[in-house]
Amino acid sequence: MASSVIVGTQWGDEGKGKIIDIMAKKADLVIRSSGGNNAGHTVVHGDEVYKLHLLPSGILYPKTTCLIGSGVVVDPKVLLGEISEMNKRGVTCDNLRIDSRADIIMPWHRELDRLEEEFKAKQTGVNVGTTGRGIGPCYTDKARRVGIRMYDLCRPECLKKLVKNTGELNNLMIEKVYGGQPLDLDAIFEEYKAYGEQLAKYEADGSVITFESYNDGKTVLFEGAQATLLDIDFGTYPFVTSSHPIAGGACIGTGVGPKLIDEVIGVGKSYTTRVGNGPFPTELNDDLGDLIRNRGGEFGTTTGRPRRTGWFDAVIMRHAVRVNGLTALAINKFDTLSGIGTLKVCVAYKKSDGTVLKDFPVTLEELADCTPIYEEIEGYDGDLSDCRKFDELPEKCRSYITRLEELCGCPITIIGVGAGNDQVIFR
Ligand code: IMP
């Protein structure tokens with residue numbers, strides 16, 4: 001396929017990084033199109049481990065163009081830190097491009113992220129639990145058309161005017177709405193002017209790069225961040241991020257039309273996990289949930305926070321198939337479920353009034369009222385980690401996979417059988 005979009009199908013942590021790494025090796029252009037440094041992605045290259053937040057995954061391959069698209073919010077300090085870290089390890093990053101339209105995360109965005117979370121927690125007792133990187137406030141400025149973009153960052157005369165105007169507006173919010181300390185705008189201008197000077201060489205028109213690459217027959221990979229249930233419209237609002245991690249976001253966040261997308265691969269796990277609060281119909285609050293957590297290593301990579309675990313939820317997966325237009329699924333961690341006995345899959349939800357829902361509900365209130373309707377499937381045993389062909393999997397494992405495909409309405413073409421990048425079956 002000439003162009004592929006990779007998206008997370010659940011609440012994140014599905015193992016997108018592994019699938020993206022495998023595909024990035026073969027890509028001519030790798031694009032990040034939404035989110036910012038709220039994402040975290042570990043790339044293993046030989047014995048070296050790289051932790052990336054903003055740099056696209058292909059950055060290790062000098063011939064692969066890596067684009068930070070217009071839909072991304074860029075924290076220049078974090079990006080320069082990542083580039084410098086890469087340079088120290090011999091990676092030039094000369095293949096990086098940043099769209100002129102990408103919005104810049106400014107210090108007031110991080111401050112407002114913190115203040116808004118504090119305010120929400122005090123007012124309602126529940127905050128979003130953001131990553132605190134200023135993502136939401138930056139997208140807010142973009143939507144109210146006062147944002148500072150990459151173009152402005154790289155031009156001191158534009159930057160100066162916007163730091164004054166947008167900075168004053170944000171300072172007013174910090175001070176008058178939240179009772180915080182206004183920020184020193186002159187110091188911010190000087191600091192960000194220097195960042196602009198260092199990043200100017202990467203500035204480009206990402207839409208043109210992508211369109212031309214595709215038309216030249218190059219392989220284009222849109223690297224997803226976050227996941228479907230964190231999408232601002234189609235996720236579990238308001239416990240979502242402020243952008244569109246779904247497949248449509250790849251077009252909007254790059255500046256190309258949907259006809260340019262050839263395939264959309266949704267990455268999921270053979271069970272479900274969720275971090276933080278909010279309804280989770282198939283959650284296992286028992287020994288089995290603990291067993292899956294321990295066997296699957298379901299602990300946050302940066303915080304070490306235990307993830308909540310539960311059965312595979314076909315209602316969620318059908319939602320992901322629909323809103324992303326998935327052409328294929330990549331499901332990881334079939335090895336984790338080996339030997340745990342009978343498996344359950346949620347095929348629909350039942351509400352307290354007896355109504356059966358086949359589709360993922362729109363509101364959190366409705367989701368909280370849902371209990372899963374399960375189908376039981378015979379479990380499988382054995383070590384899957386050396387299987388490289390579908391036929392090498394235990395028969396009962398193959399039946400589980402086939403049943404998931406039927407329930408989700410999408411073929412599972414990539415099957416994860418272990419943590420290693422090579423522990424994958426392609427069908
Ligand atoms: P924000 O994106 O920092 O505003 O956070 C909003 C919500 O999205 C929070 O619940 C975060 O934990 C979640 N979130 C943001 N980025 C990621 C990610 O890359 N993986 C998983 N959760 C994320």
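The values are calculated or read from the model by the stated rules, or taken from the named source; none is laboratory data. Keep in mind that what you see is a predicted model, and the values were worked out from it rather than measured. Ideal geometry is used to build each Cβ from the backbone, glycine not excepted, and the neighbour counts take in all protein chains shown. Just the protein is used for accessible areas: all its heavy atoms, side chains included, with ligands, DNA and RNA removed. Shrake-Rupley method; radii C 1.70, N 1.55, O 1.52, S 1.80 Å.
Stretched out fully, how many nm does the piece from T124 to E175 gain, at 0.36 nm a residue minus the Cα gap? The partial results should precede the final answer.
Numbers: separation 51, 0.36 × 51 = 18.36 nm, distance 2.12 nm.
The T124-E175 span can extend by a further 16.2 nm.
Give me the net charge of T9's neighbourhood, meaning all other residues with Cβ under 12 Å from the Cβ of T9; Lys, Arg count +1, Asp, Glu -1.
On the way: positive: K16, K269, R318, R322; negative: D13, E14, D231, D313.
Here the count lands on 0.
Is there a quick way to get the dipole size of the range 268-426? I mean about its Cα centre, with the Cβ of Lys and Arg at +1 and of Asp and Glu at -1; what is the value in debye to the nearest 20? Working shown, then result.
On the way: 19 positive and 24 negative charges, 88 e Å.
Dipole of the range 268-426, to the nearest 20 debye: 420 debye.
Pairs K51/K351; K142/K259; K122/K358; K350/K396; K120/K142: which are spaced more than 31 Å apart, C-alpha to C-alpha?
Details: K51/K351 42 Å; K142/K259 26 Å; K122/K358 36 Å; K350/K396 28 Å; K120/K142 22 Å.
With Cα atoms farther than 31 Å apart: K51/K351; K122/K358.
What is the local net charge at Q198, summed over the other residues whose Cβ is closer than 13 Å to its Cβ (Lys, Arg +1; Asp, Glu -1)? Mind showing how you got there, number by number?
Details: positive: K77, K193, K201; negative: E82, E191, E197, E203.
So the surrounding residues net to -1.
Have a look at the range 268-426 and give its Rg and Dmax from the Cα atoms, expressed in angstrom.
Both quantities, over Cα of the range 268-426: 15.5, 47 Å.
Using unit Cβ charges (K, R positive; D, E negative) and no other charged atoms, how large, in debye to the nearest 20, is the dipole of the range 104-199 about its Cα centre?
Values: 15 positive and 15 negative charges, 78 e Å.
Around 380 debye, computed over the range 104-199.
Which value results when the Cα radius of gyration for the range 304-357 is divided by 2.2 N^0.38 Å?
Working: Rg = 14.2 Å, N = 54, 2.2 N^0.38 = 10.0 Å.
In units of the globular-protein estimate, the range 304-357 measures up at 1.42.
Suppose the chain between I340 and K25 were pulled fully straight at 0.36 nm per residue; how much longer would it get relative to their current alpha carbon spacing?
On the way: separation 315, 0.36 × 315 = 113.40 nm, distance 3.48 nm.
Taking 0.36 nm per residue and subtracting the Cα distance, the gain is 109.9 nm.
On the full set of protein chains, 1.4 Å probe, figure out the accessible area of V240 and give it in Å² to the nearest 10.
In the full protein context, V240 sits at about 20 Å².
Between N165 and E190, how many nm apart are label points set 7 Å from Cα along the C-beta direction?
2.5 nm
Applying a 10 Å radius around every beta-carbon, put 82-88, 326-332, 223-229, 27-33 in order of their mean neighbour count, most first.
Numbers: 82-88: 15.0, 326-332: 23.4, 223-229: 28.1, 27-33: 26.6.
Top of the packing list down: 223-229, 27-33, 326-332, 82-88.
Hey, if we sort F280, F234 by accessible area with the 1.4 Å probe, largest down, what's the order? Intermediate values should be presented prior to the final figure.
Working: F280 15, F234 95 Å².
From most accessible down to least: F234, F280.
I need the calculated FRET efficiency for the pair T355 and D290, taking r as the beta carbon distance and R₀ as 41 Å, to the nearest 0.05.
Values: r = 32 Å, r/R0 = 0.79.
It comes to 0.80.
Aspartates and glutamates within cross-link reach of K161: Cα-Cα under 12 Å, excluding same-chain residues under 8 positions apart?
Straight-line reach from K161, under 12 Å: D152, D186.
Considering the options L343, L60, F211, tell which one lies farthest towards the positive end of the dipole of the chain, charges being +1 on Lys and Arg and -1 on Asp and Glu at the Cβ, about the Cα centre.
It is F211, whose Cα lies furthest towards the positive end.
Work out how far the C-alpha atoms of the chain reach from end to end along every principal axis, then list the three figures in whole Å, largest first.
66, 51, 38
With a 1.4 Å probe and every protein chain kept in, tell me what percent of the accessible surface of the chain is carbon plus sulfur.
Numbers: 9350 of 18280 Å².
Roughly 51 percent of what the probe reaches on the chain is carbon or sulfur.
Per-residue HN-Hα couplings for the range 107-113, Karplus 6.51 cos²θ - 1.76 cosθ + 1.60 at θ = phi - 60°, whole Hz, x for Gly and Pro?
In residue order, the calculated couplings are x, 5, 5, 5, 5, 5, 4 Hz.
Suppose every Lys and Arg Cβ carries +1 and every Asp and Glu Cβ carries -1, with no other charges. What dipole size does the chain come out with about its Cα centre, to the nearest 20 debye?
Working: 50 positive and 60 negative charges, 116 e Å.
In debye, rounded to 20, the chain gives about 560.
Please work out the FRET efficiency for the pair E212 and H45, using the Cβ-Cβ distance as r and a Förster radius of 35 Å; give the result to the nearest 0.05.
Working: r = 28 Å, r/R0 = 0.80.
Step by step, r from the Cβ atoms, then E = 0.80.
Between the range 248-292 and the range 301-379, what is the separation of their alpha carbon centroids in Å?
10 Å
What number comes out for accessible area per residue over the chain if the probe is 1.4 Å? Units Å², please. Could you put the intermediate results ahead of the total?
Values: 18280 Å² over 427 residues.
That works out to 43 Å² for each residue.
Given only helices, namely DSSP H runs of n ≥ 4 each adding -39500 (n - 2.57), what is the per-residue ellipticity at 222 nm of the chain, to the nearest 500 deg cm²/dmol? Write down the numbers at each step before the final one.
Details: 13 runs with 140 residues, N = 427.
Estimated from H runs of four or more residues: -10000 deg cm²/dmol.
Dimensions of the range 104-199 along principal axes (Cα, Å, largest first)?
43, 22, 21
Have a look at the DSSP beta bridges in the chain and tell me what percent are antiparallel, nearest 5.
Of the beta bridges lying entirely in the chain, close to 40 percent run antiparallel.
Using a Förster radius of 25 Å, what is the FRET efficiency between N277 and D233 based on their Cβ-Cβ separation? Nearest 0.05, please.
Values: r = 20 Å, r/R0 = 0.81.
My answer for the efficiency is 0.80.
Nearest 10 degrees is fine. How inclined is helix 395-408 to the longest principal axis of the chain, computing both from alpha carbons?
With both axes taken from Cα atoms, the answer is about 60 degrees.
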